[in-house]
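Any read-out appearing in this document is the output of simple, stated calculations on the displayed coordinates, not a laboratory observation. Predicted model only: the values in this text are computed from it and were never measured. Virtual Cβ from ideal backbone geometry, glycine too; neighbours counted across all protein chains shown.
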Amino acid sequence: MGVRCGRCVQALATALVGVEGLAGASANLMGEVTIAYESPEVRHSAIAAIERAGFPVASLEIEAAESPGA
């Protein structure tokens, strides 16, 4: 299951909202997810949230963005 529709993008966004320490996140229909964080632990938490939402991380392109506070 990949990111195939607007509901998938919304599901990813909803899953990432609850990740403590995540400074920002975005996703698109191409399966690209960008997350902004300040520590590796937050990245791991974000990936776990994505997987719990039902999206296999291997099917996504996850990029790190500079945290706005950095």
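Along the charge dipole of the chain, which of Ala65, Val42, Val19 sits closest to the positive end, that is, farthest toward it, with unit charges on the beta carbon of Lys, Arg, Asp and Glu (+1, +1, -1, -1)? Of the candidates, Val19 comes out farthest on the positive side. Dividing the summed helix terms, -39500 (n - 2.57) for each DSSP H run of n ≥ 4, by the number of residues in the chain produces a 222 nm estimate of -11000 deg cm²/dmol to the nearest 500.
Rounded to the nearest 20 debye, what is the charge dipole size of the chain about its Cα centre when +1 sits on each Lys and Arg Cβ and -1 on each Asp and Glu Cβ?
The dipole magnitude comes to about 340 debye.
Each of [x] 51, 27, 17; [y] 39, 23, 21; [z] 32, 19, 19 is a candidate for Cα extents along the principal axes in Å; the one calculated from this structure is [z].
Working ranking of peptides 29-36, 54-61 by packing, defined as the average number of other Cβ atoms within 10 Å per residue, highest first, is 29-36, 54-61. In this simple spin-label model, placing a label point 7 Å from the Cα along the Cα-to-Cβ direction at both Ser39 and Ala53 gives a separation of 2.3 nm.
Looking at the chain, which trypsin sites (Lys or Arg not before Pro) are DSSP coil and have at most 10 other C-beta atoms within 10 Å of their C-beta? Taking the chain and a limit of 10 other Cβ atoms within 10 Å, the loop trypsin sites (Lys or Arg not before Pro) found are Arg4.
Under the criterion of Cα pairs below 8 Å and six or more residues apart, the relative contact order for the chain equals 35 percent. Among DSSP bridges having both ends in the chain, what percentage is antiparallel? Round to the nearest 5. Around 50 percent antiparallel, to the nearest 5.
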